[in-house]
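The values are calculated or read from the model by the stated rules, or taken from the named source; none is laboratory data. Everything numeric in this text was worked out from a predicted model, so none of it was measured. So basically every Cβ, Gly included, is an ideal-geometry build from the backbone, and we count neighbours across all protein chains shown.
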Amino acid sequence: MHTKYNTPTLLSRTFSVDMKTAAATTLFTSDKHRKTVITSIVIHGQTASLAGGTVYKFGVYFRADGTVDLSGSTATTNVIVLHQGDDNALATIVPQSTAVVMTVTTGSTLACTATIDVFGYLI
């Protein structure tokens, strides 16, 4: 059995995600035959400060679509690790063939892109 079925692993890596402009970006689409549990999201490689970036959401499949404030990440060397269980937020299992999307509502003040990794496992 593949490790994606047994333990959290890297499910996707999305490069050059716009962290400023109010928009939606697909980060991961679940397998057409399996459901998925998202365990964490890692944001790294930001090209500028995320100051001002106070409203990011990852949908009902991660932290129950709760708002994430990334404005404290002001150095390009920062790595942000978001865990599923933080803030006691419940999430929904990602159904087959379903996209996990990050939505920027209030993005960074400066133009900024970052790489976003999605970790989880298939069930």
The range 94-123 residues that are farther than 21 Å from Y61 by Cα, paired with ones that are in a loop (DSSP other than H, G, I, E, B) and of a type in the set (K, R) (beta carbon under 9 Å, 6 or more apart): S108/K20; T109/K20; L110/K20; A111/K20; C112/K20; T113/K20
G53 vs. criteria part of a loop (DSSP other than H, G, I, E, B) and crowded, with 19+ Cβ neighbours inside 10 Å: yes
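Can you find even one residue in the range 67-85 that is of a type in the set (V, I, T), within 14 Å of T21 (Cα to Cα) and either modelled with pLDDT of 95 or more or part of a strand (DSSP E or B) (or both)?
No, because not a single residue in the range 67-85 is of a type in the set (V, I, T), within 14 Å of T21 (Cα to Cα) and either modelled with pLDDT of 95 or more or part of a strand (DSSP E or B) (or both).
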Subset of the range 72-90 that is hydroxyl-bearing (S, T, Y) and surrounded by fewer than 17 Cβ atoms within 10 Å (Cβ to Cβ) - its residue that is farthest from D117 (Cα to Cα): T74
Subset of the range 11-58 (residues that are farther than 23 Å from Y121 by Cα, among the β-branched types (V, I, T) and in contact with an Asp or Glu (Cβ under 9 Å, 6 or more places away or on another chain)): T54, V55
